[in-house]
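The values are calculated or read from the model by the stated rules, or taken from the named source; none is laboratory data. The model shown is predicted, which means the values in this text are computed figures rather than measured ones. So basically every Cβ, Gly included, is an ideal-geometry build from the backbone, and we count neighbours across all protein chains shown. The accessibility values were calculated without ligands, DNA or RNA, using every heavy atom of the protein model including side chains. Shrake-Rupley method; radii C 1.70, N 1.55, O 1.52, S 1.80 Å.
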Amino acid sequence: MSRPTARKAAPKGEYIETDSGNKVSRRSAITGTANITLGGRTVIMAEVQLRGDLHSTRVVPSSTGKDVTPTAISIGRCTVISTGSVIRPPYRISRGQIHYYPLKIGDNVFVGPNCTISAIQIASHVHIGANTVIGPFAMIKENVKILENTVVPANMIITAGSVVGGRPARVVGEVGEGWGVGSTGGVGVGGGGEKNWVEGGDLRELVRSIK
Amino acid sequence: MSAQPPSSSRPSASHRPTSLQKRTSALPKPTSLFLDPTVLVAQHAQFTGTHPITVGPNTVLHPHVKISSVVAPVVIGEGVVVYEKAKIGVGIGGTSAPESAGAGGAMESTRGDGTVLGQGVVVESNAVVEAAEVGEGTVVEVGAVLGVGCVIGKYCNICPMTVLAPNTHIPDFTVVYGAGEKRTNLTLQSRPEILQAKAMTHRKQIDMFKRLMPNNIAKWT
């Protein structure tokens, strides 16, 4: 991740845009930036907490001999993390030691406002509704829709194409054919408040419209 | 924020009044804040209020934690972990609207004894704790809200997003889940070795935080 602080005399906008097109809000709270990777064209909105400082302390036997910085959070391309969400890597006891594990989020994932995420993996094209809690070591596969106010318990594995909701979360349906398809308009309207993206689809238009 | 009462506890007028907007908080610093030297306070953790705040040894406060003693004192025990954006203290949830509490006499009608968190309590992110007492080893999960005057027993588990009405009493070893349903965690109750294992994990977790997080305690002492 290119450091946003390295930029000088940037125009004062809400977002700092990195070389790879990531948009990170000035009002986001990111700790341990060295341990966070953003894939490009990813949006981190205001008041988002990314806990990169809680990284794995396991000694990696590396062939090169150089110490590699452990990754705590990796986020793919065109992913949007909305306001007030907290993203914290999960931990567990392994061989009598506490270990943090890297949290991976795929491409085109939409995370709604005020979510708390401690999953081990979220695959691509996942839509997460507002106020959702995702417990430690939950694993979410491709093309999943998580409804608003859901509480996904720890260690739950959500198979591809499911719709889940409730407290605790249960599978309530399937996304079916046509998930993420649509929005073929392709005329970059931008700005008019018009929704030119679909849940689980390509979020590039949405990312472009956020300024 | 500009209409601050001329409290005697505050130092004399700040010498740069124009820079007031730049400050992270214009609220008065707590006059009596007792932090154990072993406390880990992350950046952006916040203490406000005029009543005493006591924080016991080995407690970990994550970024953007808010602890308010505006209405009543706060006592945080030993080895407590409070995660991001959690709020602790009477009146901090904004639900109880204790406007009259400042008027002296009203203090006695509500519980005046403030908030006490026992040893090894874990308060997860976005939780709001206004409760009078939270017992040893209890876990308050993500986004749970404990109303004013709640008394929570030992080793309870308040599941994510649960809201407890003011003055609720929860006995020891209870799990509160879903829409206010309760059950007793018999496994934990009948097997002390599990409790020991949990306590050990908790201790190791605190040690881990001390290795990973920079301490900002100097700002508050």
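Quick notes on this one:
- For residue B:41, the solvent-accessible surface computed with a 1.4 Å probe is close to 0 Å², ligands and nucleic acids excluded.
- Buried on assembly, the stretch B:177-221 (at least 10 Å² less accessible surface than by itself, 1.4 Å probe): B:178, B:201, B:204, B:205, B:208, B:209, B:211, B:212, B:213
- Carbon plus sulfur fraction of accessible area for the stretch A:15-209, probe 1.4 Å, in percent: 50 percent
- In the stretch A:157-175, the residues that give up 30 Å² or more of accessible area when the other protein chains are added, compared with the chain on its own (1.4 Å probe), are A:167.
- Residue A:93-residue B:34 pseudo-label distance in nm [points 7 Å out on the Cα-to-Cβ vector]: 3.3 nm
- FRET efficiency estimate (nearest 0.05) - Cβ-Cβ, residue A:57 to residue B:189, R0 25 angstrom: 0.15
- The residues of the stretch A:15-209 expose on average 44 square angstrom of accessible surface per residue, using a 1.4 Å probe on protein heavy atoms.
- Solvent accessible area, Å² - residue B:186, 1.4 Å probe, full protein context: 120 Å²
- Solvent-accessible area lost in complex, 20 Å² minimum, residues of the stretch B:152-166 relative to chain alone, 1.4 Å: B:160, B:161
- Solvent exposure of the stretch B:28-220 amounts to 42 Å² per residue of accessible area, where only protein heavy atoms count and the probe is 1.4 Å.
- Sequence of A:157, A:105 from largest to smallest accessible area, 1.4 Å probe: A:157, A:105
- Of all aspartates and glutamates in the structure, the ones whose alpha carbon falls short of 15 Å from that of residue B:85, not counting any fewer than 8 places away in one chain, are A:47, B:124, B:130, B:141.
- In this label model, residue B:199 and residue A:14 are separated by 4.9 nm, measuring between points 7 Å along each Cα→Cβ vector.
- Entries in A:145/B:66; B:66/B:154; A:23/B:210; A:145/B:204; B:87/B:182 that, when Cα-Cα distance is taken, lie over 26 Å: A:145/B:66; A:23/B:210; A:145/B:204
- Relative contact order (%) - criterion: Cα under 8 Å, at least six apart; region: the stretch B:28-220: 15 percent
- B versus A: buried accessible surface, summed, Å² (probe 1.4 Å, to nearest 100): 2000 Å²
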